[in-house]
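Working notes for the structure below.
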Amino acid sequence: MRERYGRVRAEVGAHVTVVAATKYVSVDELSVLAEAGIEHVGENRLQDLEAKHVRYGNAFRWHFIGHLQSRKAPAVGDLCELVHSLDSESAARRLTAPALVQVNLAGEASKSGIEPDELAGFLERCPTEVRGLSTMPPLAAEPEDSRPYFRRLRELAERHGLKELSMGTTQDYRIAVDEGATFVRVGSVLFHDG
């Protein structure tokens, strides 16, 4: 795993933070990530985050990458240095950690996120520290199909003076980096050869 992580870090460059998506990694298996030198991990669910944080604490820098429910925002904020998925004012009012606003660029009903035309108003009303934007493009057959979504997110961030961009997963992180990602969230590329 150390070799795979090193390859991804070399590909994305020093200006991009590699966040290991650990949704499918058990508490016991997380030690392998620490041994491989992985510093940043991203969790999707508060329950898993709490269990892993209890066991590993400061071994990692914790990120929250799943849907953020407002009732869980205080606990998430206590454990994470950055939330990548802020998309509601109620969660923003209860969140104590800095955040990236998730934007639903494709208008997919199955995905969370602020609509692009609602972003300016949301940012004006947002009481928490917003450092940037994030998105999850539609699942595509080819990584290149994600490029228009990544480009649009970068343009939105520039328009609003935001510096951080969390975009790109195992399938399309190289395209995301081309379009300005400062965070990529990868999983299987770290855990499996090929």
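Suppose every Lys and Arg Cβ carries +1 and every Asp and Glu Cβ carries -1, with no other charges. What dipole size does the chain come out with about its Cα centre, to the nearest 20 debye? Walk me through the numbers before you get to the answer.
On the way: 24 positive and 29 negative charges, 72 e Å.
Approximately 340 debye in magnitude.
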Self-check item: Sequence-distant residues sharing a close amide H with residue 40 (under 5 Å, placed H)
Solution: 20, 61
Exercise. With a 1.4 Å probe and all protein chains in place, put 53, 63 in order of accessible area, largest first.
Key: 53, 63
Quiz item: Quick one: Karplus J couplings for the stretch 7-22, per residue in order, coefficients 6.51, -1.76, 1.60, θ = phi - 60°, nearest Hz, x for Gly and Pro?
Solution: 5, 5, 4, 5, 5, 8, x, 5, 7, 10, 8, 8, 9, 7, 7, 10
Self-check item: Carbon plus sulfur fraction of accessible area for the stretch 113-194, probe 1.4 Å, in percent
Solution: 47 percent
Quiz item: Counting pairs of alpha carbon atoms under 8 Å apart in space and at least six apart in sequence, what relative contact order in percent does the chain give?
Solution: 19 percent
Exercise. Round to the nearest 10 and report in Å² the accessible area of residue 191, as given by a 1.4 Å probe over the protein chains' heavy atoms.
Key: 50 Å²
Exercise. Search the structure for amide H atoms under 5 Å from the amide H of residue 104, placed 1.01 Å from N in the peptide plane, and list their residues when 5 or more places away or on another chain.
Key: 114, 115
Quiz prompt | Backbone HN-Hα couplings from phi across the stretch 161-174 [Karplus 6.51/-1.76/1.60, Hz, Gly and Pro as x] | solution = x, 9, 9, 9, 9, 9, 7, x, 10, 3, 6, 9, 5, 5
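Using a/c under 1.5 as the rounded threshold, could you call the stretch 16-150 rounded, prolate or oblate? The axes a ≥ b ≥ c are square roots of the C-alpha gyration tensor eigenvalues, and prolate needs a/b larger than b/c, oblate otherwise. Mind dumping the intermediate values first?
On the way: a/c = 2.13, a/b = 1.30, b/c = 1.64.
Note, shape of the stretch 16-150 comes out oblate.
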Quiz prompt | Charge dipole of the stretch 116-160 about the Cα centre (unit charges at C-beta), most positive-ward option of 132, 116, 148 | solution = 132
Practice problem: Step through the residues of the stretch 105-111 one at a time and calculate ³J(HN,Hα) from phi using the Karplus curve (6.51 cos²θ - 1.76 cosθ + 1.60, θ = phi - 60°), rounding each to whole Hz and writing x for Gly and Pro. | Solution: 6, 8, x, 6, 5, 7, 10
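How high is the relative contact order of the stretch 62-175, in percent, with contacts defined as C-alpha pairs under 8 Å that are six or more residues apart?
Values: 215 pairs, mean separation 24.1, N = 114.
Relative CO of the stretch 62-175 lands at 21 percent.
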Exercise. Can you tell me the relative contact order of the stretch 10-98? Whole percent, Cα pairs under 8 Å, sequence separation 6 or more.
Key: 23 percent
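To the nearest 500 deg cm²/dmol, what mean residue ellipticity at 222 nm is calculated for the chain from DSSP H runs of n ≥ 4 alone, each contributing -39,500 (n - 2.57), summed and divided by the residues? Please report the intermediate quantities before stating the final value.
Numbers: 9 runs with 71 residues, N = 194.
My calculation for the chain gives -9500 deg cm²/dmol from helical runs alone.
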Quiz item: What residue among 92, 59, 51 has the largest mean-square fluctuation in a Gaussian network model of the chain, using Cα springs under 10 Å?
Solution: 51
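The values are calculated or read from the model by the stated rules, or taken from the named source; none is laboratory data. Predicted model, so just to flag it, every value in this text is computed and none were measured. Cβ atoms come from the backbone with ideal geometry, glycine included; neighbour counts cover every protein chain shown. Only protein heavy atoms, including side chains, enter the accessible area calculation; ligands, DNA and RNA are left aside. Shrake-Rupley method; radii C 1.70, N 1.55, O 1.52, S 1.80 Å.
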